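The values are calculated or read from the model by the stated rules, or taken from the named source; none is laboratory data. Model, not experiment: these values are computed from the prediction. Cβ: placed from backbone, ideal geometry, glycine included. Neighbour counts: every protein chain shown.
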Amino acid sequence: MKNKWISYLDMDKVTVDYNQGILDLLDLSMTQEIRDGIKQGKSINDIVGIPFEVFWDKALKKGKDHWTDMPLLPWTKDLYSSLKEMGDVAFLTSTGRQSNPAAQGKQEWVKKHFDTYNIIITHNKFLCAKGNSILIDDNLLNNQSEDESNTYLFECYGGNSFLFPNYMKIIDNEIKYEDVKKQILDKIKRIKKENNYA
């Protein structure tokens, strides 16, 4: 039997509007300054000048609903559907901290929007790497060096990866979503053909 293809989708800033979720939690509006900061790769906490711990305390007080209620990015459903045509799809995400309601909230977010529980939560995404899989992720994150990024490690462990561009540049039409989707699907088709994956 041929190895079946699987696409792993990151959540925050690939399919989930994480920064808008933080702004909503802090009762702040999106401004041009915030948009520009996001495009420069700055964290939302640094842009608005609120320590991460303040956000985290508010998120914990709201509980799992903070993550369950995060908005989808405009292309999320289309990207998911397109990847489903290529094979299996699972969300591959981290919770940021070891013990918190984020895991349950993210599971419920996936169930709410996609009627599935195909979600894997781990800080070590490379553990899911296989030749018949691709990780679609948005690093570099948190000042990681390239050799610490999720996409780099996923490839080191035998998987394939696609570095998803800065989502705000897509929203502001500096990068076209259709071009990004085509690059992802073309890469998957090429790898599947070269390796005879189902």
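Some points to look at:
- Restricting attention to region 161-178, the residues being surrounded by 13 or more Cβ atoms within 10 Å (Cβ to Cβ), assigned to a helix (DSSP H, G or I) and of a type outside the set (A, V, I, L, M, F, W, C) number 3.
- So Lys181, is it surrounded by 15 or more Cβ atoms within 10 Å (Cβ to Cβ) and over 19 Å from Asn3 (Cβ atoms): yes
- Applying a threshold of 6 Å to beta carbon distances and a minimum spacing of six or more residues, or different chains, the list of pairs starting in region 178-198 at a residue that is more than 17 Å from Leu9 (Cβ to Cβ) and touching a residue at least 60 places away in the same chain (Cβ under 8 Å) and ending at one that is polar (S, T, N, Q) and surrounded by 12 or more Cβ atoms within 10 Å (Cβ to Cβ) reads Tyr197/Asn3; Tyr197/Asn132.
- Count of residues meeting criterion [buried (at least 20 other Cβ atoms within 10 Å of the Cβ), farther than 18 Å from Ser149 by Cβ and charged (D, E, K, R)] in region 105-137: 1
- Condition check for Lys61 on (1) basic (Lys, Arg); (2) farther than 22 Å from Lys182 by Cα; (3) within 19 Å of the chain's Cα centre (by Cα): one failure, at (3).
- Residue within region 139-156 that is among the hydroxyl-bearing types (Ser, Thr, Tyr), more than 18 Å from Ile191 (Cα to Cα) and at pLDDT below 95 present: yes
- Of residues in region 66-104 being loosely packed, with under 14 Cβ neighbours inside 10 Å and more than 17 Å from Val14 (Cα to Cα), the one nearest to the chain's Cα centre (by Cα): Arg97
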